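Colleague: Please read through the structure below; I'll follow up with questions.
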Amino acid sequence: MNTLTIDIRRAEPCDADQIADVHLEAWRGAYSGIIPHKALTSMINRRGAEWWANAIRRAATVLVVEIGGMIAGYATIGRNRAKELRQQGEIYELYLRPEYQGIGLGSRLLSAAKQKLADHGLKGVVVWALEDNANAVAFYAGAGGRDIAEGIEIFDQKALKKVAFVWE
């Protein structure tokens, strides 16, 4: 009988190839048909393995969820960038490979990201999701996030509404 381990840990530069793959698959799955194709392709192409390795080396906080040696998802976290919100921590990104969605890994990664921010002394957490990304909106609302603010992101002249979810 094989036992697969699930580990959530800080990313290392050697994880960059797999994180880039997760990014590509997750963003295509989440944003195709929402973000204009040209803008989406450009955003994905900017974030190859070298970009991720550099981000990790520069001390960006990137967490990965690893299953039996394969990275199934990642989260990037840090200080809240929206000064009008009082939450001190922010989850900038939280993505899973499509085949690993819906089985509880996102909840575990979200919990680990919130805990890491708290461990750094940051009180409260915010995460933004595009309103048209129904899966993300449902996930954050289902995880107890309160929808408290809205904003706009522009992609190739297309304005998309984003929603802030917070935890105290």
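Colleague: Which of (1) under 16 Å from the mean Cα position of the chain (by Cα); (2) assigned to a helix (DSSP H, G or I) does residue 92 not meet, given it meets every other one?
Modeller: Result: residue 92 passes all but (2).
Colleague: So is residue 81 part of a helix (DSSP H, G or I), touching a strand residue (DSSP E or B) at 6+ places or on another chain (Cβ under 9 Å) and more than 18 Å from residue 25 (Cα to Cα) or not?
Modeller: When the stated conditions are applied, residue 81 does not pass them.
Colleague: Right, here's the next one. Only residues that are among the acidic types (Asp, Glu) and over 25 Å from residue 123 (Cβ atoms): list them for the stretch 64-90, please.
Modeller: Residues of the stretch 64-90 among the acidic types (Asp, Glu): 66, 84, 90.
Matches in the stretch 64-90: 66 only.
Colleague: What are the residues in the stretch 2-21 that are among the β-branched types (Val, Ile, Thr) and in contact with a helix residue (DSSP H, G or I) (Cβ under 9 Å, 6 or more places away or on another chain), if any?
Modeller: 6, 8, 19
Colleague: Which residues, counting only those in the stretch 76-114, are over 15 Å from residue 16 (Cα atoms) and charged (D, E, K, R)?
Modeller: 79, 81, 83, 84, 86, 90, 93, 99, 108, 114
Colleague: How many residues does the stretch 41-75 hold that are under 12 Å from residue 23 (Cα atoms) and in contact with a strand residue (DSSP E or B) (Cβ under 7 Å, 6 or more places away or on another chain)? First the steps, then the outcome.
Modeller: Residues of the stretch 41-75 under 12 Å from residue 23 (Cα atoms): 41, 43-49, 51-52, 64, 71-75.
From the residues that got through so far, the ones that are in contact with a strand residue (DSSP E or B) (Cβ under 7 Å, 6 or more places away or on another chain) too are 64, 71-75.
Selection size over the stretch 41-75: 6.
Colleague: Please tell me if residue 25 is out of contact with any Pro (no Cβ under 7 Å at 6 or more places or on another chain) and modelled with pLDDT of 95 or more.
Modeller: No.
The values are calculated or read from the model by the stated rules, or taken from the named source; none is laboratory data. Values in this document were obtained by computation on a predicted structure and should not be read as measured data. No Cβ is skipped: glycine too gets one built from the backbone with ideal geometry, and neighbour counts run over all protein chains shown.
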